[in-house]
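The values are calculated or read from the model by the stated rules, or taken from the named source; none is laboratory data. Predicted model, so just to flag it, every value in this text is computed and none were measured. Backbone-built Cβ (ideal geometry, glycine too); neighbour counts: all protein chains shown.
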Amino acid sequence: MNRSDERALALAGLLQTCHLVAGVARTGLIGQDSLAGSLESVFVTNPDTTLDVYGSGNGVRTGLRLIMEIVGDLKVSEHGDTVRYAMAVLALEKRLRANPDVLRAIGAGISSVQTHRIARGLSAADEDCVNRLSELYEKTAGLSEPRVRILGQQKHLTNPANQAKIRALLMAALRSAVLWRQLDGRLTQCVLGRGKLLQSADHAEQILN
């Protein structure tokens, strides 16, 4: 897997988590496997390869399809909320790069949640784990202005369990955004390098399968 393929994976991780956020906000629903697939990436902080971050691929398969639809088929309006959240998370990541104290707090918080999770044998999608990630996001990245604004059905947005899932997913989205930047990800690659991105997404999908 070359660097371009790795960037496609990281972008897929970002898009998938933002897609899940949009789904929770609109419907209040999310599959446990999808939730776990995205949240697992938060705890892989020292990977040997980008593929290690996304494990079995559950955290990027939908995202790779989204790259094909958004970048390849130009279905931007169909996935408007997903694209908007992804752009907001990338802007958040850029602001946090200028705030090392917050980044250190996030790193320490993730290590703490991971230690708790391992000690109790919890899945990344376990309610306790989700709540701890949610609280960490709320106390760190979530304080950065302008905040990531989530739109959806009020009855779902005011549900505490849904709020926790959305914040935990935003932490996972931030993880993918950081990785994408580390791999020299740039928005121009989605336009000027569109063909190469689509080829890389297709290649990454073949490797996962």
Notebook entry, point to check: Would you pick out the residues in the stretch 106-130 that are within 20 Å of ILE166 (Cβ to Cβ) and surrounded by 15 or more Cβ atoms within 10 Å (Cβ to Cβ)?
Noted result: ILE106, GLY109, ILE110, VAL113, ARG117, LEU122, SER123, ALA124, ALA125, ASP126, CYS129, VAL130
Note to self: Pairs needed: first member in the stretch 104-117, within 13 Å of ARG175 (Cβ to Cβ); second member anywhere, surrounded by 12 or more Cβ atoms within 10 Å (Cβ to Cβ) and not hydrophobic (A, V, I, L, M, F, W, C); C-beta distance under 6 Å; at least 6 residues apart or different chains.
What the structure shows: ILE106/THR140; VAL113/ARG132
Note to self: Condition check: buried (at least 16 other Cβ atoms within 10 Å of the Cβ), of a type in the set (S, T, N, Q) and within 30 Å of LYS196 (Cβ to Cβ). Does SER77 satisfy that?
What the structure shows: no
Check: Could you say whether any residue in the stretch 9-20 is of a type in the set (Ser, Thr, Tyr), at pLDDT below 95 and surrounded by 17 or more Cβ atoms within 10 Å (Cβ to Cβ)?
Finding: no
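From the set of residues in the stretch 139-172 that are of a type in the set (D, E, K, R) and under 23 Å from GLY37 (Cβ atoms), which is surrounded by the fewest Cβ atoms within 10 Å (Cβ to Cβ)?
Selected residue: ARG167.
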Notebook entry, point to check: If we keep just the residues of the stretch 24-55 that are in a helix (DSSP H, G or I) and of a type in the set (Asp, Glu), which is nearest to ALA204 (Cα to Cα)?
Noted result: ASP52
Next item on the list: Kindly indicate whether any position in the stretch 90-112 is part of a loop (DSSP other than H, G, I, E, B) and in contact with an Asp or Glu (Cβ under 8 Å, 6 or more places away or on another chain).
Entry: no
Item checked: Answer residue from the stretch 54-82, given it is of a type in the set (Lys, Arg) and more than 14 Å from the chain's Cα centre (by Cα) and is modelled with the highest pLDDT among those -> ARG65
